[in-house]
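First up is the structure itself, then whatever we jot down about it.
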Amino acid sequence: MPHPSHSLAETLEHTRQTFLAAGHTLPNVRRDFPEWHQGRPRYALWALMVDLPHLRALLARAADVLGPWLLDDYQRQPHITLALAGFPTAQPTQPDDYGPEDLARHRAALAAGAPPPCEIRIGAPSSFSSAPFLSVEDPEGGIARLRQLLDDRPHPDGGPYVPHLTLGLYSGAYPCRQVLQRLLSMEWPPVRLRVDRLMLLEYEAGVIGGGLKSSETCRLMIKK
């Protein structure tokens, strides 16, 4: 098995090269996306919520640095997505619904796995085609352990998982090389965090970049 940092470095380099190869960023459009949610009001995901003042300051700084390239009114709090859940419903009928049995399965997996608190490091900037981000290092393997317990739904685009902190959403088709140069020209001081809780978060499916609300919290505790 490759060293985790090497694996992350390779994944980030692949992400960077994919972004540059795209040529231009992917525009995000402020609309309802009914073909995706099909009338289902909320979408859920498992994440580490890192809504701290200094990280909010980083997001504000990103808005200044990237300025007109970002979609306005991005309200999503700083968080690190670990696994997608789906559309919460009491009676699942579609593959991407998230029902009581799914939640019970995840609760049981977390109780049995008893994941401990872990350190994460937020650092170098990069970008997906639709969004710039700060990379997240997992020096203790905590993110990997949580994903083993939770990640049982395929990623929509089929690409590799990249732990990250989203800085916003692109508002148009902008030259990728210029965007990346702007990102890399700024100093992004690394941030170390000790995380001790996992959250099931939800957002309004028809609102792009809307705020997150917690519907479930799991404390990460050291076994005695």
message: Is it the case, given these coordinates, that Gln181 is polar (S, T, N, Q), touching a helix residue (DSSP H, G or I) at 6+ places or on another chain (Cβ under 9 Å), part of a helix (DSSP H, G or I) and loosely packed, with under 15 Cβ neighbours inside 10 Å?
response: no
query: Filter the stretch 188-219 for residues that are in a strand (DSSP E or B) and free of Cβ contacts under 8 Å to residues at least 24 places away in the same chain; which is surrounded by the most Cβ atoms within 10 Å (Cβ to Cβ)?
result: Lys213
message: Whether any residue in the stretch 143-160 is under 19 Å from Ala63 (Cβ atoms), surrounded by 13 or more Cβ atoms within 10 Å (Cβ to Cβ) and at pLDDT 90 or above is what I want to check.
response: no
query: Are any residues in the stretch 96-120 surrounded by fewer than 16 Cβ atoms within 10 Å (Cβ to Cβ), in contact with a helix residue (DSSP H, G or I) (Cβ under 9 Å, 6 or more places away or on another chain) and in a helix (DSSP H, G or I), and if so, which ones?
result: Ala109, Ala112, Gly113
- request: Among the residues of the stretch 9-41, write down those that are surrounded by 12 or more Cβ atoms within 10 Å (Cβ to Cβ), more than 27 Å from Pro160 (Cβ to Cβ) and of a type in the set (Lys, Arg).
  value: Arg30, Arg40
field: Qualifying position, being in contact with a Ser or Thr (Cβ under 6 Å, 6 or more places away or on another chain) and either outside any helix (DSSP H, G or I) or not hydrophobic (A, V, I, L, M, F, W, C) (or both), among Gly123, Gly159
entry: Gly123
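The values are calculated or read from the model by the stated rules, or taken from the named source; none is laboratory data. All values derive from a computational prediction rather than experimental measurement. Neighbour counts are summed over all protein chains in view; Cβ atoms, including those assigned to glycine, are modelled from backbone coordinates with ideal geometry.
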